[in-house]
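The values are calculated or read from the model by the stated rules, or taken from the named source; none is laboratory data. Keep in mind it's a predicted model, so treat the numbers as computed, not measured. Cβ: placed from backbone, ideal geometry, glycine included. Neighbour counts: every protein chain shown. Heads up: the accessible areas ignore ligands, DNA and RNA and are worked out on the full protein's heavy atoms, side chains in. Shrake-Rupley method; radii C 1.70, N 1.55, O 1.52, S 1.80 Å.
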Amino acid sequence: MAKKNISRRKFLVRGGLGTAGVLAVGTYLFRNPLRRKILEQVDSGEARYLGGGMEPMLWFEITKVNKVILHSPKVEMGQGTFTGLAQMAADELEVGMNQISVVHAASMSGNMDKFATGGSNSISGLWQPLRELAATMREMLKLEAGKKSGFPVDEMTVANGEVNLGRTTMTYAEIAENVTDWEVPDAPGLKSLDAYKFVGKPIPRVDLNAKVFGEPIFGLDAQMPDMLYGAVVRPTKIGAKYVSANTSKADAMPGVVKVILEDDFVGVIADSFTAAERAKEAIEVTWEVSQSWQTSDIREMTKVGKGDAFVLQKEGEDLSTEDGLIQMEFTSPLGAHAQLEPNGVVAAVDGDSVTLKLSTQVVALTRKEVAKRLNIDEENVNVIPTFLGGGFGRRLHTPHAVQAAVMSKAVGKPVKYFFSRKEEFQHDLFRPPTHHQLKAKLTDDGHIAYLQHDFSSGDVAIDAAMVPGFLHTVLGTDVGAIRGGFCHYGAIPNLRTVSWHVELPFATSWWRSLGLLANTFAWESFMDELAVRAGKNPVAFRLAHIQDDEKGKRLKAVIQAAADKAGYQDQAVNGRAMGFAASTDAGTPCAQVAQVSIESNEIIVHKVTCAMDPGIAVNPDQVRAQCEGAITMGMSATLYEKMDVVDGELTPTIYGPYRMALMKHAPKEIDVVLLQGMDKPGAVGEPPLGPIGAAIANAVFRLTGNRLTDLPLTLV
Amino acid sequence: MKISFVLNNEPTTVDIADGTTPLLWVIRDTLNLKGTKFGCGKAACGACTLHIDGVAIRSCSYPASFVEGKTIVTIEGLGTAKNPHPVQQAWLEEIVPQCGYCQPGFMMATAALLHQNPKPTDEDIDQNITNVCRCATYYRMRKAIHRAAELTPEKEATSDTQNS
Ligand code: FES
Ligand code: FES
């Protein structure tokens, strides 16, 4: 058999924009086919893998002790992707879970994701290609076994990393030994779902031991021989421009190796973290600040009507000038990522090449930026991703890698550099503040005749280094801010959704689920209000506005399942009330019921019931874990979190004053029901953040009769 | 200056330039034990929690010189994969970690709590476990803390029987 040309192989070649199955985006957009396709993709969450690595050999390493190491181009930030990928690969490769481990693929390995890890699409995007790669690798091993043994390939059976050759067996390690020129067959057919031993099962996380026994797996744990520590002086004021620096004190401090003045930053390199930090504090920098911003300025800028408008959905008539319109406004504040591991990196420049170890969601972008700054080939930059101590979108841009590389070059040694917590808070790429205006008209029999949602947000995807600029020119809108902005109730005859985009004086960006949290808070609080005005049960009211297609069926199913499982009741009982909300994000419908009471003027969330349909749950335990985490993180944003701007400074700058949910606040019960309304895996990590805000607010309404319309929810 | 203490059962001496350096950096950088994490440096998150003479301490805000003559246990000394501490065993059973970065601090805080209070109520847990987990794994952590409380006496009972 001739060796096939790998580039012609059929798996993994899925370029272009593709088409989504169900069109959720209104007909308005259909006028521009390119817009339509991109927005459909954003809305449907249809995933595709945008990586390198067509050859199975780049993905699977077979060790001498007959174990398989999967080199993952997707990073592990807690979302459980490594485990799901290992399950998918192990099933097709015919190895046990104890025979497979997963590591991050370095950029030089040739198996680099060209885009990012994010958007809840790692498992869904790799579902087809990874299983095909694994199945192909298994067939490659059989072909080699045939060559080495003479045994007919079609009579071989495979199990537990061994090929059965009639009377004898060969391990994968024995087969792979000394093979340099693999014969690569076309991707074989995949097994049926019920033949899988691991996919669909609650397998313990593959990184569980490392994380329970404190192994040094994170970016901040990375080190290199002879390493020094760097620090970079950062301004505390918004919009501060560097003018000059007096470094004489720092130069003379113990442990300081060098202070460097670049065009765009001042850095200090010392022999310990503490020495570098103290020297940094001793550098006197003059900054130029043109305006002293306040929270009220930011709120004012973010009002609907202030920025550029883009109509997302336009169905039927515009009834916004009719009498009897119901109108409400909602807001959400600036939010911080507050991931536990600060951003950091170790960089080593050696002549014309650079090695970097760091927690990043964007290996390719980091490589590109470092190469550009040092004026070297991208191929000479090796980005080695580590486990991330939280991602949440914060590491979709990691330009501190560039600063570390510059510092390393300046001293000729590896340099490790990371953010202080204050710098994390002040130089976060925040979740933007939002403002929402909702209008509706009800028919006499309590059906929505007209619904309009205008929402305004600072940048999410616009200006993000990761997203090509042309996308926004094509779209005219921010693909991130609009997440959750589409109305998912398809049986409303007259509908408008409009996104407004504003430029804020500081960077805002991706925060787990992007616009979903705020948009759904507004939508679903308003739906609740409409149900009350219509005199309907909120669950029945929602069901009555869902269309009868495939997508509608899945949404109805999660709404019904959440209501049933929680035993949803519209009335408060014994000081406890239930709030209901639902969202559809990246193609995954999710409904939640929050059980809430008010004690000593505090909102207490006792229990959350969550029904979600992510399609096939590759690892149901980890899907549940993502729901539990997203619900609690969303609850934290709903009740506690906000950043303020005071006299030009972003504040607070430390946990505690930046209030977040702690153990004492977290719901004591979280009940997750998983449905499977499609025959492939869908998005998991972000969709369950959607409903929680409105579910809590709607419960508070049932307790107090007041509808709280601003996040974080504050009782008056 | 020279500082001597017992670290994970080993007598240890370090020689550092500045005794006010937070213990965290001596553990992480001088002694190269990376399981104790840096999260905030201001005693506000608990990622750096370890035990000094059996008490949970936030090592980012504890001057290294104060540890002279004391006994330190870090996550590396709490238990091993072969011989996990009951808290670690419970964490494994409940599959608690997500990103994992906060988890050593939580396990150290929990081990110290169980040492003082072998059967904590939900309220005890709420009041004593005040670390931050951004992945918000609190729901599983609570289950794991109760599970660890169950495991603790059982283990002691078994070893007692074996010894007798
Ligand atoms: S690093 Fe010590 S409490 Fe946060
Ligand atoms: S597991 Fe990620 S911060 Fe706790």
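Between A:Asp350 and A:Asp186, residue separation times 0.36 nm minus the direct Cα-Cα distance comes to 54.9 nm.
The A:Ala173 and A:Asp271 beta-carbon pair, evaluated with R₀ = 51 Å, returns a calculated FRET efficiency of approximately 0.70.
Neighbouring Cβ atoms from other chains, within 10 Å of the Cβ of residues in A:666-673, number 3 on average. How charged is the neighbourhood of A:Phe430? Take every other residue with its Cβ under 12 Å from the Cβ of A:Phe430, and add Lys/Arg as +1 and Asp/Glu as -1. Net local charge, A:Phe430 excluded: -2. Computed extension length for A:Gln294-A:Asp251: 11.9 nm, one decimal, from 0.36 nm per residue of separation with the Cα-Cα distance subtracted. For the pair A:Lys314 and A:Thr443, a Förster radius of 30 Å applied to the C-beta separation gives a FRET efficiency near 0.90, rounded to the nearest 0.05.
Might you report the magnitude of the Cβ-based charge dipole of the protein assembly as shown about its Cα centre, with Lys and Arg at +1 and Asp and Glu at -1, to the nearest 20 debye?
About 580 debye.
Computing FRET efficiency as 1/(1 + (r/R0)^6) for A:Asn601 and A:Leu193, where r is the C-beta to C-beta distance and R0 is 56 Å, gives about 0.65.
Contact order for the range B:55-139, expressed relative to its length and based on alpha carbon pairs under 8 Å spaced 6+ residues apart, stands at 31 percent. The mean number of Cβ atoms from other chains found within 10 Å of a Cβ in peptide A:205-211 is 5, as a whole number.
Pairs with C-alpha atoms separated by more than 25 Å, drawn from the list A:Lys306/A:Lys372; A:Lys211/A:Lys413; A:Lys668/B:Lys119; A:Lys67/A:Lys142; A:Lys303/A:Lys439, are A:Lys306/A:Lys372; A:Lys211/A:Lys413. Extending 7 Å from Cα along the Cβ direction at A:Asp570 and again at B:Asp15 yields two label points whose distance is 7.9 nm. Going by a ≥ b ≥ c, the root eigenvalues of the Cα gyration tensor, does the range B:79-157 fall in the rounded group (a/c under 1.5), the prolate group (a/b larger than b/c) or the oblate group? Taking the square roots of the gyration eigenvalues as a ≥ b ≥ c, the range B:79-157 is oblate. Computed over chain A, relative contact order equals 15 percent, with contacts defined as Cα pairs under 8 Å that lie 6+ residues apart. Here the range A:356-451 is assigned +1 on the Cβ of each Lys and Arg and -1 on the Cβ of each Asp and Glu. Its dipole about the Cα centre then comes out at about 440 debye. About its Cα centre, the range B:2-77 has a charge dipole of approximately 280 debye under the convention of +1 per Lys or Arg Cβ and -1 per Asp or Glu Cβ, with nothing else charged. When the protein assembly as shown is described by a simple charge dipole with +1 on each Lys and Arg Cβ and -1 on each Asp and Glu Cβ, the residue from A:Gly634, A:Gly648, A:Ser149 located farthest towards its positive end is A:Ser149. Across the range A:531-563, the residues whose backbone nitrogen lies under 17 Å from the label position 7 Å along the beta-carbon direction of A:Glu322 are A:531, A:533-535, A:545.
In chain A, excluding the sites themselves, the longest stretch lacking any of the trypsin sites (Lys or Arg not before Pro) that are in a DSSP loop with at most 11 other Cβ atoms within 10 Å is A:168-716. Seen through its C-alpha gyration tensor, with square-root eigenvalues sorted a ≥ b ≥ c, chain B comes out oblate because a/c lies at 1.5 or above while a/b is not bigger than b/c. Expressed as a whole percent, the accessible surface of chain B that belongs to carbon and sulfur atoms is 51, based on a 1.4 Å probe.
A crude spin-label estimate for the pair A:Asp549 and A:Val65, with each label 7 Å from Cα along the Cβ direction, gives 5.3 nm. Given their separation in residues at 0.36 nm each and the Cα-Cα distance between them, A:Asp644 and A:Lys241 gain 143.0 nm when the chain is fully extended.
Taking 24 Å as the limit for the C-alpha separation, the pairs A:Lys565/B:Lys143; A:Lys536/A:Lys664; A:Lys241/A:Lys422; A:Lys201/A:Lys607; A:Lys148/A:Lys191; B:Lys34/B:Lys82 exceed it in the case of A:Lys536/A:Lys664; A:Lys201/A:Lys607; A:Lys148/A:Lys191. When chain A is described by a simple charge dipole with +1 on each Lys and Arg Cβ and -1 on each Asp and Glu Cβ, the residue from A:Gly80, A:Ser353, A:Asn706 located farthest towards its positive end is A:Gly80. Once a ≥ b ≥ c are taken as the square roots of the eigenvalues of the Cα gyration tensor of chain A, is the result rounded (a/c under 1.5), prolate (a/b larger than b/c) or oblate (a/b not larger than b/c)? Note, shape of chain A comes out oblate.
Heavy atoms of chains A and B lose about 4400 Å² of accessible surface on contact, summed over both sides with a 1.4 Å probe.
Output the antiparallel fraction of DSSP beta bridges having both residues in chain A, as a percent to the nearest 5.
75 percent
With the charge dipole of chain A set up from +1 on Lys and Arg Cβ and -1 on Asp and Glu Cβ about the Cα centre, the Cα lying farthest toward the positive end among the listed residues A:Phe541, A:Asn160, A:Ala518 is that of A:Asn160.
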